[in-house]
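A quick write-up on the structure given underneath.
Coordinate-derived values only; no laboratory data. Quantities reported herein were computed from a predicted structural model and do not represent experimental measurements. Please note: Cβ atoms are built from the backbone with ideal geometry, for glycine as well, and neighbour counts cover all protein chains shown.
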Amino acid sequence: MEAIEAFVALNMIDHVGPVRLRQLLAHFDNNPIAILHATAAGLSAVHGIGEETAQAISSWQHSIDLCAELKRISESGVRVICGMDTEYPPLLREIYDPPIVLYVKGALQPNDRHGLALVGSRQTSPYGTETARRFAYQLAYTGITIISGGARGIDTAAHLGALSAKGRTIAVLGTGIDRTFPPENADLFERIAANGAVITQFPFNRPADKQSFPIRNRIVAGMSLGTVVIEANHKSGALITSDFAVDYGRQVFAVPGRIDSPRSKGCHQLIKKGAKLCENIEDILGEFEYIFPPSNRPEPSLTMTAPALPLSPSEQAVHASLAEGERAADEIIRATDLGASTVNVALFSLEMKRLIRQLPGRRFVQVS
């Protein structure tokens, strides 16, 4: 057994988390294999490891199927990294409960340490969606990696904005890496893996649940220089991410919204508590001038405009579908026979190229 295989096994055992693993590694000379070979009595002697955890570890071969998990990893092309690997995000390594392992589809790069989390509500308004896309596009254009949770709403808009700028983006899943949640983002996750990474700490076949999302949110905050909350109600999971950011000593930004909109309550609450009010990306970049000095930033006009023609085949099809007048997004999907994710990406790209514009109600029209 190799060390990474032992870490995969430990990650699959109930009652073993990052904090307990740190205590175990300190006792067993940083040897994860020795932990798996230890007796229940020997494990119980470790400070912070109770009898229940000791029994779970000592009987791990009866409760988990490590061979099957390693086979799934090998056959899927997914890589697994642990804290000792150079690819492991350095900022994430600094938090008090870093994931034992990360399943990675795509590639993590050194420049991802210059990453910002863009998060918000799943039920978003056109204002929130457009703001998330625009901020992500502009930030990715400057070389910042956009990190989010791959969920509906603000997360999806942030990933799409980064991809439209041909920048890097990372999706952190609240499921096993073989699960697609939400299901309509299957194509999006493939694009993210090709231009960044899709990652999770969960083993294969882990479904989404109420516990998995806060666990995911701490990774989003932990591997980011700061967290930008774009739209969130007062109980939004995005506020959990911002709480983690505060705990980790990272900057929190909040985008204000309408005072009568429930989706703005969370952001306004954060501003009242001391988050930096964010109206544009300069409010964000100004906090990190030591990394992105003004002289090295693209002109604002450049960050707003995507490359000109030629259009991709999907963009051509979507643009042509609007030749006879305005259409709703679902009408465009039916007219083009393209997937929802593909159409959404094309619509946003065409908007940035100023070839179409969005009307109220998610309707689109060509720009004459």
Gyration tensor (alpha-carbon) shape descriptor, segment 1-91, a/c threshold 1.5: oblate
Contour excess over end-to-end distance, with Cα ends at Ala320 and Met84 and 0.36 nm allotted per residue: 79.8 nm
Options Phe204, Thr156, Phe181, ranked by Cα towards positive dipole end of segment 138-213, top entry (Cβ charges): Thr156
Protection-proxy order for peptides 192-201, 12-21, each taking the mean of Cβ atoms within 10 Å per residue, highest first: 192-201, 12-21
Highest-fluctuation residue, Ala45, Ala54, Ala317 considered, GNM on the chain with Cα pairs under 10 Å: Ala45
Debye, to nearest 20: dipole size of segment 1-64, +1 on Lys, Arg Cβ, -1 on Asp, Glu Cβ: 120
Where labels lie 7 Å past Cα in the beta-carbon direction, separation of Ala3 and Ile259 in nm: 5.8
Positive minus negative residues near Gln366 (Lys, Arg vs Asp, Glu; Cβ under 13 Å): +1
Order of Cys82, Cys278 - criterion: other Cβ atoms within 10 Å of each residue's Cβ, fewest first: Cys82, Cys278
Cα centre as origin, Lys/Arg/Asp/Glu Cβ charges: segment 106-303 dipole, Debye: 400
Beta bridge orientation in the chain: antiparallel %, DSSP, nearest 5: 40
Positive-end residue of Met12, Ile81, Gln358, charge dipole of the chain with Cβ unit charges: Gln358
Proxy reagent accessibility, fewest Cβ within 10 Å first, across Glu2, Glu184: Glu2, Glu184
Sequence of Val367, Val343, Val246, Val318 once ranked by neighbouring C-beta atoms within 10 Å, starting from the fewest: Val367, Val246, Val343, Val318
Cα-based shape type of segment 313-366, given that a ≥ b ≥ c are square roots of the gyration tensor eigenvalues and the cut on a/c is 1.5: rounded
Over 23 Å between alpha carbons, listed pairs Lys210/Lys273; Lys235/Lys273; Lys105/Lys276: Lys210/Lys273; Lys105/Lys276
Among Val104, Ala117, Thr142 the positive-end extreme of the charge dipole of segment 94-204 (Cβ point charges): Thr142
Cα-centred dipole magnitude for the chain, charges only on beta-carbon of K, R (+1) and D, E (-1), debye, nearest 20: 820
